[in-house]
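Engineer: Take this structure first; my questions come after.
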Amino acid sequence: MGSGTTAAACPGERVLCYHGILLYEAKCLEHRVSDKVIEFKVHYAGWNKSWDEWVPEDRILKYNEASLQKQKELKKEYELSKVPKKKGVKRKSEAPKAEASTTSSSRASTPSSEASSVKTPVTASGKTPLAPPTPKETSEPEAKIMVLEPVQVKEDIVEKPATEQKDEILLQELIIPENLKKVLVDDWYLIQKQDKLYNLPAKETVRDVLDNFIQFRVAKTNCDKSGESALREVAKGICTYFDVLLGKQLLYKFERPQYAEILQKHPFTAMSQIYGAPHLLRLFSWKGSLVSKSQFDENSCEYLNKHFKTIIKYLADNKNTLFNTDNYMTSTPEYHRRVI
């Protein structure tokens, strides 16, 4: 722990907390000891309480001048990393990775917003959960990094059209359980900090996961043929969304050369038949277009959300079998050169 900045916090204390690659203003709610590790429950100022989370001590910084300066430096470095490159010109100040300055060993993806004068939330994706948090990327092809972005709660509520309010309410209903948030953090850390890649094709692909979910659901609810058919239609739609969004929204920059290799080796295979559970979870954390008011009426949105939440619960209940860090492999030096 760095003296003067990183330190234990007391309940009710105002702090800065790492969330992804940036620092955000937060309030310490309580603390506990979990597996001999001290953890603090924090609430991010201006964000929905569904994004309250337990974090290890090394993600907490005292709210003082030194920490605020660190917050400004991280934000500045991130913003510089987003500036598009000009052909034939290399920026000396540009770092290979925007996360190089962070010190946390396990940090979640970043919310994006500017809800107060101190916290300056900017995600690696921008909205886009998040966030949580809906995950989104930057516009330039070279810097596409998925982030989970949260739904922001404004201090001053402004009346919005009924359709927009409906859409926001439905999106907020897709809450990622705590144990799956940890999966997202571990996934981010393994790829962004340890330069690992998920083994592809996955042992259990996205389509496999959804097929197993349907079998589980049919057996549990004893539903008839029409009920099973409805589940398969939902699963088919999720696979379609996944295939479309994977290359555009759901990959970190470090994964893109691997994605290009997969497209070359399997040009006629859907990505939902190659990628696995962690990438499916990223899809559910990216809520930007899973439910779109331009495509569905309110009843359809509620119907889909009900199934989405059931699938998320299935992922959470089967976390230990679906999400295994042994499925990540160490990337080669040659791969690193291709990323840079």
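The numbers here are math on the coordinates, done by the rules we state, and not lab data. This one's a predicted model, so the numbers in the text were calculated from it and none came from an experiment. So basically every Cβ, Gly included, is an ideal-geometry build from the backbone, and we count neighbours across all protein chains shown.
Engineer: How large are Rg and Dmax for the range 214-293 when calculated on the C-alpha trace, in angstrom?
Structural biologist: Considering the range 214-293 through its Cα atoms, Rg and Dmax are 14.9, 44 Å.
Engineer: Can you compute the FRET efficiency between LYS72 and GLU233 using 1/(1 + (r/R0)^6), with r the Cβ-Cβ distance and R0 = 56 Å? Round to the nearest 0.05. Mind showing how you got there, number by number?
Structural biologist: Values: r = 49 Å, r/R0 = 0.88.
Efficiency at R0 = 56 Å is approximately 0.70.
Engineer: Rg to Rh for the range 186-337: what is it, with Cα atoms only and Rh by Kirkwood?
Structural biologist: Values: Rg = 16.3 Å, Rh = 16.5 Å.
Expressed as Rg/Rh, it is 0.99.
Engineer: Label LYS306 and ARG32 with points 7 Å out from Cα along Cα→Cβ: what is the distance between them in nm?
Structural biologist: For LYS306 paired with ARG32, the spin-label model returns 3.2 nm.
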